[in-house]
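Q: I have a structure here, written as structure tokens, and I will follow up with some questions on it.
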């Protein structure tokens, strides 16, 4: 996942969003949605998140990233934006990079704590996650720390299919992050045991797709219950909104 710093950025409101929310209230007071639970990395400045929360295109599961993590000090406008998105029906996760297991666990836990203390997020998105069995225990400990700090949802992004043990403690795992050109081949070689995992625990993030390619993916039943497709390309595929977003939402079964 490309890291991003958005406090000082001028990213346009509405970048990186994927599903439509129906404006009714659920039992917890949040808006109830009638669209798929896409996992969307929305690395936007606070004003853009607030604008997104008031639009008909709010993601159900949103990842925020103030400064390639929570930053070194609280940013009150971000707290307000997170709260606004939550009240509109989104669950908000805080971005934390883990260096594929090489980053010091204390530093990772400090970032987790800052999201809980400063921004009141619903959980964490552990990016640059390892995938090999040897490091599963390390990530299990990080997930336990997040839950002890109140995280309701822990998402991991190894970008590939990890060892099966990772699904025993993560709520959502990104098993594909990459270009559309690689998607079909990589999905075909994914292990058969993934079919035993509930689809809403599997996320795919696909970039470099044309309108036709995006609709090809979103128009059928795939292996991921949380699919987001964009036209963006490297070095920062997540910084622009695809012009086919409305069609993508309709194909995913969004509200009309």
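Q: Right, residue 111: over 18 Å from the mean Cα position of the chain (by Cα) and assigned to a helix (DSSP H, G or I) or not?
A: Taking the combined requirement at face value, the residue does not satisfy it.
Q: Tally the residues that are buried (at least 19 other Cβ atoms within 10 Å of the Cβ) and closer than 24 Å to residue 161 by Cβ, restricting the search to segment 95-122.
A: The qualifying residues number 6.
Q: Being surrounded by fewer than 19 Cβ atoms within 10 Å (Cβ to Cβ) and assigned to a loop (DSSP other than H, G, I, E, B) is the filter here; which residues of segment 123-151 pass it?
A: 128, 132, 149, 150
Q: Here are some conditions: (1) out of contact with any helix residue (DSSP H, G or I) (no Cβ under 6 Å at 6 or more places or on another chain); (2) modelled with pLDDT of 90 or more; (3) closer than 20 Å to residue 131 by Cβ. Residue 224 meets all but one. Which one does it not meet?
A: Residue 224 satisfies all of (1) out of contact with any helix residue (DSSP H, G or I) (no Cβ under 6 Å at 6 or more places or on another chain); (2) modelled with pLDDT of 90 or more; (3) closer than 20 Å to residue 131 by Cβ except (2).
Q: A further question on this structure: Is there a residue in segment 112-119 that is closer than 18 Å to residue 173 by Cα and in contact (Cβ under 8 Å) with a residue 40 or more places away in the chain? Even if it seems obvious, please write down each step before you answer.
A: Step one: filter segment 112-119 for residues closer than 18 Å to residue 173 by Cα, giving 112.
Keeping just the survivors that are in contact (Cβ under 8 Å) with a residue 40 or more places away in the chain gives none.
Within segment 112-119, none of the residues are closer than 18 Å to residue 173 by Cα and in contact (Cβ under 8 Å) with a residue 40 or more places away in the chain.
Q: Still on this structure: Identify all residues within segment 199-223 that are crowded, with 17+ Cβ neighbours inside 10 Å and either part of a strand (DSSP E or B) or touching a residue at least 60 places away in the same chain (Cβ under 8 Å) (or both); write none if there are none.
A: 202, 203, 204, 205, 206, 207
Q: Touching a helix residue (DSSP H, G or I) at 6+ places or on another chain (Cβ under 6 Å) and outside any strand (DSSP E or B): is that true of residue 165 in this structure? Full working, then the answer.
A: Values: touching a helix residue (DSSP H, G or I) at 6+ places or on another chain (Cβ under 6 Å): yes; outside any strand (DSSP E or B): yes.
Yes, satisfied.
Q: Which residues, taken from segment 51-83, are part of a helix (DSSP H, G or I) and without any contact (Cβ under 8 Å) to a residue 60 or more places away in the chain?
A: Hits for segment 51-83 are 51, 52, 53, 76, 77, 79, 80, 81, 82, 83.
Q: Can you tell me which residues in segment 189-198 are under 15 Å from residue 159 (Cα atoms) and surrounded by 15 or more Cβ atoms within 10 Å (Cβ to Cβ)? Talk me through it step by step, then tell me what you get.
A: Initially, segment 189-198 is screened for residues under 15 Å from residue 159 (Cα atoms), giving 189-191, 194.
Correct list: 190, 194.
Q: If I ask for residues that are in a helix (DSSP H, G or I) and touching a strand residue (DSSP E or B) at 6+ places or on another chain (Cβ under 9 Å), which ones from segment 84-104 would you list?
A: Quick first cut of segment 84-104, residues in a helix (DSSP H, G or I) only: 84-87, 99-101.
Once the filter is applied, which keeps residues that are in a helix (DSSP H, G or I) and touching a strand residue (DSSP E or B) at 6+ places or on another chain (Cβ under 9 Å), segment 84-104 yields 85, 86, 87.
Q: State which residue pairs qualify: first residue within 20 Å of residue 200 (Cβ to Cβ) and inside segment 176-189, second residue at pLDDT below 95 and in a helix (DSSP H, G or I) in any location, beta carbons under 8 Å apart, and separation of 6 or more residues or different chains.
A: The qualifying pairs are 183/217.
Q: What about residue 162, is it on the phi < 0 side of the Ramachandran plot, buried (at least 18 other Cβ atoms within 10 Å of the Cβ) and modelled with pLDDT of 95 or more?
A: Numbers: on the phi < 0 side of the Ramachandran plot: yes; buried (at least 18 other Cβ atoms within 10 Å of the Cβ): yes; modelled with pLDDT of 95 or more: yes.
It is true that residue 162 is on the phi < 0 side of the Ramachandran plot, buried (at least 18 other Cβ atoms within 10 Å of the Cβ) and modelled with pLDDT of 95 or more.
Q: Consider residue 237 against the criteria (1) surrounded by 14 or more Cβ atoms within 10 Å (Cβ to Cβ); (2) at pLDDT below 95; (3) out of contact with any strand residue (DSSP E or B) (no Cβ under 6 Å at 6 or more places or on another chain): it satisfies all of them except one. Which criterion is unmet?
A: Among (1) surrounded by 14 or more Cβ atoms within 10 Å (Cβ to Cβ); (2) at pLDDT below 95; (3) out of contact with any strand residue (DSSP E or B) (no Cβ under 6 Å at 6 or more places or on another chain), the lone unmet condition for residue 237 is (3).
Q: Scan (1) closer than 30 Å to residue 199 by Cβ; (2) surrounded by fewer than 22 Cβ atoms within 10 Å (Cβ to Cβ); (3) at pLDDT 80 or above; (4) touching a helix residue (DSSP H, G or I) at 6+ places or on another chain (Cβ under 7 Å) for the single condition residue 14 breaks and write down its number.
A: Condition not satisfied by residue 14: (3).
The values are calculated or read from the model by the stated rules, or taken from the named source; none is laboratory data. A quick note: this is a predicted structure, and the numbers were derived from the prediction, not measured. Here Cβ is always computed from backbone atoms with ideal geometry, including for glycine, and neighbour counts include all displayed protein chains.
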